[in-house]
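**Q** First the structure, which I've put down as structure tokens, then a few questions once you've had a look.
Taken together, the values in this text are just the output of simple stated rules run on the coordinates, not laboratory data. Computed from a predicted model, the values in this text were never measured in an experiment. Backbone-built Cβ (ideal geometry, glycine too); neighbour counts: all protein chains shown.
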Amino acid sequence: MTAAKRNFAMNIKFFIDDILLSPECGILNKNQMEGVLMKFIHAADIHLDSPMLGLEKYDGAPVDEARGATRRALQNLVALAVEESVDFVLIAGDLYDGDWKDYNTGLFLVSQMAVLRENNIKAVIVAGNHDAASQITRNLRLPDNVRVLAANKPETFVLESEGVAIHGQGYSTRAVTENLAAAYPKADPDLLNIGVLHTCLEGREGHEPYAPCTLNDLMSRGYEYWALGHVHKKEIISESPMVVFSGNTQGRNIRETGAKGCMLVNADNGEIKGIEFKNLDVFRWSSLEIDISAAKDIDDVFEIAEKVIKKEAGAYSMPLAVRINLTGSSRLHGRILSREEHVKSGIRACAVDCGNGNIWVEKICFNTRDISARQAPLAGSDALRGLLDSISSLQYDEKALSEIAGEFADLFRKLPHEYLSDTEAIHPERKETLIRATEDVRHMLLSRILSSGGGR
């Protein structure tokens, strides 16, 4: 045997013995990952087929545009994954929205996961509180590129070719109040470690306190990235390590304003190198504040509103549901309150005109203040002046305010949860709410008296 043949044979033996037969065959550790680029998507709270709550009860609401928005957002997620050639997609809980009415929701999900499979993209999912509420979910057969992590204890899923360990635990019941993160395993020092968790973290306003934990709990695991779900607002909690809420993929009500989507994450040499938020939503909720302090009459109010709405419409290329909040100190305060429906109609007309039918005004809130000293015209009317003074004095009468609150208590207990959780909902048990209401009543009454000549 020639020297060349001996060297060739020895190289083949080395390859077989030390590489192919190695227990670590196929697994890249951090020392082997230099130059290995990797991308993944972190998404959460898709709430597939979730309704836009209460939309149908409003005349002119864009029901057709909103219906199916969560499906189209998921399609955008899958399209992004394919376009970016990501290695895997992480979904950190609440893929569904509770119990389904039929299997169509599940079949749609299967079809989208199949698109990922056709493009050699894996999906790793943990169940959230809404997923745990679904009975059909447990019987749904998903494509083999989808891995749903265990719900009874933390599970580690290793992607060998990428050198990644994904640690996660889903919900077995809707209300999980224990700290799941405490049981997550320590990081594997040879791999890039990612934790997936559906959690309120240390508490977030407007979200149920499920799977609570502290930032220290997460950091103590030694992971490079934490993909969090449950909170519907995107937020980077920490950069070292990366602890991230991606937010939900599609806003569903006025409490979920602004762009919605997912995080596109880049890694290299076993380290997180970059993170970028990507829009996925197809129907957006927005809240606009319109200061009418400079308005001299109602027509001025409409002109000011038109300018603000037109600017908002120009910023987006999708249907918008807008809540308008009129603010500012104005002599028009009482007149606006007394002509509330006229003002609402005028502003809605502005929105239709500015948005070419692409903007829907969900609600108009009146939060202006009166600056006029218009008590003088009532100088000759002791009765009217006394009535207005009595209304004004209510804000200093704790007993009277308490009695008023009691009158409305039973009524408010009967209202649906969706109304009471609204950011603009009236809560009569709050003193500031009642004081504001008495002020509005006084100004509205005064405006109507003056406009009818009753003060002369």
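**Q** How much net charge surrounds residue 144 when only the other residues with a Cβ under 13 Å from the Cβ of residue 144 are counted, with Lys and Arg +1 and Asp and Glu -1?
**A** Around residue 144, the charge tally is +3.
**Q** Quickly work out the residue 235-to-residue 289 label distance, labels modelled 7 Å from Cα along the C-beta direction, and quote it in nm with one decimal.
**A** 2.0 nm
**Q** Another question about this same structure. How large is ³J(HN,Hα), in whole Hz, for each residue of the range 253-260 in order, when computed from phi with the Karplus curve 6.51 cos²θ - 1.76 cosθ + 1.60 and θ = phi - 60°, using x for Gly and Pro?
**A** Listing the rounded values in order: 7, 5, 7, 10, 7, x, 5, 10 Hz.
**Q** Treat the count of other C-beta atoms within 10 Å as a stand-in for reagent exposure and order 213, 365, 350 from fewest to most. Write out the running numbers ahead of the final one.
**A** Working: 213 19, 365 14, 350 23.
Arranged by neighbour count, lowest to highest, 213, 365, 350 become 365, 213, 350.
**Q** Quick one: of the DSSP bridges fully inside the range 240-384, what percent are antiparallel, nearest 5?
**A** Details: 8 of 27 bridges.
Percent antiparallel among DSSP bridges in the range 240-384 is about 30.
**Q** Would you mind giving the average projected area, over all directions, of the Cα convex hull of the range 27-279 in nm² with one decimal?
**A** That works out to 12.9 nm².
**Q** Please go through the residue pairs 278/310; 260/310; 39/122 and name each one whose alpha carbons sit more than 18 Å apart in this structure. Each step should come with its number before you reach the end.
**A** Details: 278/310 25 Å; 260/310 22 Å; 39/122 12 Å.
With Cα atoms farther than 18 Å apart: 278/310; 260/310.
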